[in-house]
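The block underneath contains the structure these notes are about, expressed in structure tokens.
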Amino acid sequence: MRRVVVYHAEGCHLCERALEIVEQVRADVEFELVLVDIGGDEELEARYRELLPVVEIDGERAFTYHVTPDGLRVRLG
């Protein structure tokens, strides 16, 4: 099963939209979903804050800033 990790932070409107899209696609395509709130973690803040939201599929960065339903479906193939 594919594994999708979404890095997000509180108050990030792009993150909220990305999570909606990921959940929408998950209704049609089965995958494991892991949500990672970077808030308060210095290492994660340094790595991801400027790029949020960040979506990784099976450990590889697939999207930053914006996620599209069709793009995610294609990447999950």
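Within the accessible area of the chain, what % is carbon and sulfur when the probe is 1.4 Å and the other protein chains stay in place? Please list the in-between numbers first.
Details: 2180 of 4710 Å².
Carbon and sulfur atoms account for 46 percent of the accessible area of the chain.
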Per residue value of the accessible surface for the chain (all protein chains in place, 1.4 Å probe), Å²: 61 Å²
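With charges only on Cβ, +1 for K and R and -1 for D and E, what is the dipole size of the chain about its Cα centre, in debye, rounded to 20?
On the way: 9 positive and 17 negative charges, 67 e Å.
Dipole size: approximately 320 debye.
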Cα long-axis angle, helix 13-26 against the chain (0 to 90 degrees, to the nearest 10): 30 degrees
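So what is Rg over Rh here for the chain, counting just Cα atoms and using Kirkwood for Rh? Mind showing how you got there, number by number?
On the way: Rg = 11.7 Å, Rh = 12.3 Å.
Result for the chain is an Rg/Rh of 0.95.
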Cut-off 17 Å (backbone N to label point 7 Å along Cα→Cβ of R73), residues of the stretch 17-46: 20-31
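State the antiparallel share, in %, of DSSP beta bridges confined to the chain, rounding to the nearest 5.
Values: 8 of 14 bridges.
So the antiparallel bridges amount to about 55 percent of the total.
Would you work out the relative contact order for the chain, in percent, from Cα pairs under 8 angstrom that are 6 or more residues apart? If you can, show how the numbers build up before the last one.
Working: 117 pairs, mean separation 32.2, N = 77.
It comes to 42 percent, rounded to a whole number.
When the Kirkwood hydrodynamic radius is evaluated over all pairs of different C-alpha atoms of the stretch 32-77, what value in angstrom, to one decimal, is obtained? Please report the intermediate quantities before stating the final value.
Values: mean 1/r = 0.0868 Å⁻¹.
Answer for the stretch 32-77: a Kirkwood hydrodynamic radius of 11.5 Å.
The values are calculated or read from the model by the stated rules, or taken from the named source; none is laboratory data. The structure presented is a predicted model; accordingly, all values stated were derived computationally and were not measured. No Cβ is skipped: glycine too gets one built from the backbone with ideal geometry, and neighbour counts run over all protein chains shown. Side chains are part of the model used for accessible areas, which takes the heavy atoms of the whole protein and leaves out ligands, DNA and RNA. Shrake-Rupley method; radii C 1.70, N 1.55, O 1.52, S 1.80 Å.
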